[in-house]
Amino acid sequence: MKVLVPLKRVADPDNANKVKVTADGKKVETTGLEWKPNPFDEYAVETALRLTEDGTKPKTRAGEVVVVTFGPKECEITLRAMLATGADRAIRVEAEDDQLDGWLVARALKKLVEQEKPDLVLLGKQAVDGDTNQVGQILAELLGWPMATSAAMIKEDGEALLVGREVDGGVINLKVRLPAVVTVDLRIVAPASVYSKLTKADFKYNEGVRFAPLPAIMQAKKKPMAVLKLADLATDTALRIQYPRFEPPKGRAAGKKVKDVAELVDKLKNEAKVL
Amino acid sequence: MTEPNEDSGRQAELDQVRTSVRAICNKHGIDYWRQTDATHAYPEAFMDTMGEAGYLGALIPGAYGGTDAGPAVASVVVEEINRFGGDAAVINAQMAICGTLTRHGTEAQKLRWLPGVATGASRFLTVAATEPDSGADMSKLASSARRDGDDWIIDARKILISLAEYTHAMIVLVKTSEGPTLFLLDMDEVRPHLEIRPIDLISNRHTTTLFIDDLRVPDSMRLGAPGAGLRCLMDGFPVRRVLAAAESIGNARFFFERSLDHATTRRTFGRLIGQNQGVQYPIASVYGKIEAADLMRWDAVRRIEKGASEAGGRSALAKILASEAAWEASRVALTTFGGWGLAGEYHVERKLRDATVFVFNNMLLSYVAERMLGMPKAF
């Protein structure tokens, strides 16, 4: 199976307080930010690796995992990290962060999918910066491919995938014919969430994403990294989403302790005015 | 952490090593180290994981099964383990001690040991050099080897020898008629002639006194030329010092990061303790010292990589500065944590004992004074 994993770097979600807005409020200040791969995209890469291997032999890839990102040269660091964990090759589409929106990325990805011809496009369910949750869905629509979002379980089943989606009250199981677009949720990296045809049903993965062994880190710099121009993948690069102004969220006031229920009711009624 | 002036490709590689080593540390957890310390255990499970992940051969050439990743990567590995709250002593030994073999061993010796060291199947953890009467003065060795036909007969008494109970291969420094000479012993073969007595030390370093009695070895176990023993050991010192510096920077960052976190979350007397100047200023001050030591460490790494002659002096300075920064950071942690700093559950007292092992710098200060400043020889 050939899997294409589009991924995005985001400002380190564990250090969100470092995100600053420029003085004119026009954009988010990106200098000095520590970048991390979007966690859901990391899960998508882990899922792609699990789908292209026998879980007992993770060094041998059955198929191909291609990672792609849109952004400036420094994004190659994120791609190299994915090559080190096991992806076969990487593509960077040259672009600046504020030249992109979900609609443009999805259209460029459609063109890339037509060139690369993967059996599966795996994405994180959303990026944790913009939280727009769009690219996977728009891409599936543009391609006319079957889609499953927020997958918590994937099993390879002949020429299709069995996908479990966690929803309120239970799990919806879908059978998705390939080629397809699937976006993944947090629990996709649980020990018994993803099974390729080669991985036996009683095999259990370690929880979470795998770490890169040192030899793979050393070899990652020799793996192919292609650079494409955004204009080669999308003729219309106008943005549909405009951000007129950014503001940091207001600081939250400290909580208050109340001594009894009567005081609580009084404050809810007269201060918070929610009763 | 940002390595100064690194190109972005190399920076990315070192960042990946940090991420990867952190993931391995997280897999075992910090209480793993509390447990190995409390039970004086060898960190076998951790070393197995590091072996599977290819880290043990970081300094071994590819032709012998290693990754040849170099001292920058090796230094980041030990730094991250200590920064996490672990103890990198064993992996430091496994990565670096075989360097003498890589540089001076015969092809047969290298093929015998290095591939196993790279995977972890063979443990190469011990150099037996220091002696009861002469200490670190390795020119006055009492231990000896004398020729007997084609063989050598070794008699040795060595003290403060780390990990001798656990290693499979050991380098021993003895005096021969040609001068100081190294032998590379296979512990399984020589065990009947060995006596190893543990020394109860401040931290879990598996330190021992070692006696070798009337041991006959073939000349094929000699490592390097007869009389060249000290030189063969010393040309590996810049790398060993950089790794000791990186271990100390890891220890220092452990104390610093824990202190910063505690100072900015712990409230007493109605305010954050980090608002108190008596807590705040030492944290700010030691931060500067850690960063300065780290700059010297990366300077030394680059000089080693270039083969520059100043690598010896700069690596000595890096080790001195880093161990002093870690010592000071351990005091800062005690100030910040108060009584909790002495409680096992906060890990400060354990790391404080680990970090103390690195504070003995007199030989290095003497080296700096003599070699870098042209002062009279102190030792």
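FYI, it's all coordinate maths here, none of it is from the lab. Model, not experiment: these values are computed from the prediction. Neighbour counts are summed over all protein chains in view; Cβ atoms, including those assigned to glycine, are modelled from backbone coordinates with ideal geometry.
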#### Entry: FRET E, pair B:GLU52, A:GLU74, Förster distance 30 Å, beta-carbon r, rounded to 0.05
0.45
## Note on the structure
Per its Cα gyration tensor (rounded if a/c is under 1.5, else prolate when a/b beats b/c, else oblate), the range A:1-157 is best filed as prolate
### Query
How many partner chain Cβ atoms sit within 10 Å of a residue's Cβ in peptide B:9-20, on average, as a whole number?
6
### Query
Could you name the aspartates and glutamates in cross-link range of A:LYS197, using Cα to Cα under 14 Å and dropping any fewer than eight places away on the same chain?
A:GLU53, A:ASP54, A:GLU156, A:ASP157, A:GLU159
### Query
Taking 0.36 nm per intervening residue step and subtracting the Cα-Cα distance, what contour gain separates B:LYS306 from B:VAL359 on full extension?
16.3 nm
### Query
Given labels modelled 7 Å from the Cα in the Cβ direction, how far is it in nm from B:THR106 to B:ILE202?
4.3 nm
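Per Stokes-Einstein, at 10 °C and 1.306 mPa s, what whole-number D in µm² s⁻¹ belongs to the range B:30-72, with the Kirkwood radius over Cα pairs as the hydrodynamic radius?
The Stokes-Einstein estimate is 136 µm²/s.
Report, in cubic angstrom per residue, the convex hull volume of the C-alpha atoms of chain B. Could you put the intermediate results ahead of the total?
Working: hull volume 54.0 nm³, N = 379.
Residue-normalised Cα hull volume stands at 142 Å³.
Pull out the extension gain between A:ALA16 and A:GLU114, defined as 0.36 nm times the separation in residues minus the alpha carbon to alpha carbon distance; nm, one decimal.
Details: separation 98, 0.36 × 98 = 35.28 nm, distance 3.64 nm.
The A:ALA16-A:GLU114 span can extend by a further 31.6 nm.
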### Query
Is any helix in chain B, taking whole DSSP H runs, at least 27 angstrom long along its axis by alpha carbon and on average at least -1.0 on the Kyte-Doolittle scale, and which ones?
B:8-28, B:237-263, B:277-306, B:311-337
### Summary
Partner shielding of A:70-78, taken as the mean number of other chain Cβ atoms within 10 Å, equals 2
### Under 14 Å from the Cα of A:LYS222 - aspartates and glutamates, other chains or at least 8 residues apart
A:GLU76, A:ASP88, B:GLU13
### Task
Take the Cα coordinates of the range A:152-206, assign each an equal point scatterer, and use the Debye formula without solvent to give log10 I(q)/I(0) at q = 0.26, 0.30 Å⁻¹.
-1.14, -1.30
### Message
Order B:166-174, B:84-92 from most to least packed using the mean count of other Cβ atoms within 10 Å.
### Response
B:84-92, B:166-174
### Task
Using only atoms on other chains, find how many Cβ atoms lie within 10 Å of each Cβ of peptide A:204-213 and report the average.
4
## Note on the structure
The correct pair for the range B:317-373, radius of gyration to one decimal and Dmax as a whole number, both in Å and from Cα atoms, is 14.2, 45
### Message
Can you tell me which lysines have their Cα less than 18 Å from the Cα of A:LYS267? Leave out same-chain residues fewer than eight positions away.
### Response
A:LYS256, A:LYS257, A:LYS259
### Segments B:268-277, B:298-307 sorted - mean Cβ within 10 Å per residue, highest first
B:298-307, B:268-277
## Note on the structure
Over the Cα atoms of the range B:42-179 the radius of gyration and the largest Cα-Cα distance (Dmax), both in Å, equal 16.2, 52
## Note on the structure
The ratio Rg/Rh over the Cα atoms of the range B:89-141, Rh being the Kirkwood inverse mean 1/r radius, stands at 1.07
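What number comes out for the charge environment of A:LEU33, summing +1 per Lys or Arg and -1 per Asp or Glu over other residues with Cβ under 9 Å away?
Surrounding charge for A:LEU33 is -1.
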### Query
How large is the helix-only mean residue ellipticity at 222 nm for chain B, computed as the sum of -39500 (n - 2.57) over DSSP H runs with n ≥ 4, divided by its residue count, in deg cm²/dmol to the nearest 500?
-16000 deg cm²/dmol
### Query
Tally Lys/Arg at +1 and Asp/Glu at -1 over every other residue whose Cβ is under 12 Å from the Cβ of B:MET296; what's the total?
+2
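What is the packing order of peptides A:11-24, B:338-351, taking the mean over residues of other C-beta atoms within 10 Å and listing the highest first?
B:338-351, A:11-24
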### Message
Taking only the Cα atoms of the range B:8-119, how large is their convex hull per residue, in Å³?
### Response
92 Å³
### Summary
Per residue, the convex hull enclosing the Cα atoms of the protein assembly as shown spans a volume in Å³ of 210 Å³
### Query
So if we plug the beta-carbon distance of B:ARG271 and B:GLU195 into 1/(1 + (r/R0)^6) with R0 = 45 Å, what FRET efficiency do we get, rounded to 0.05?
0.15
### Task
Using every pair of alpha-carbon atoms in chain A, split the distances into 10 Å bins beginning at 0 and state the percent of pairs per bin, rounded to integers.
6, 27, 31, 20, 10, 6, 1
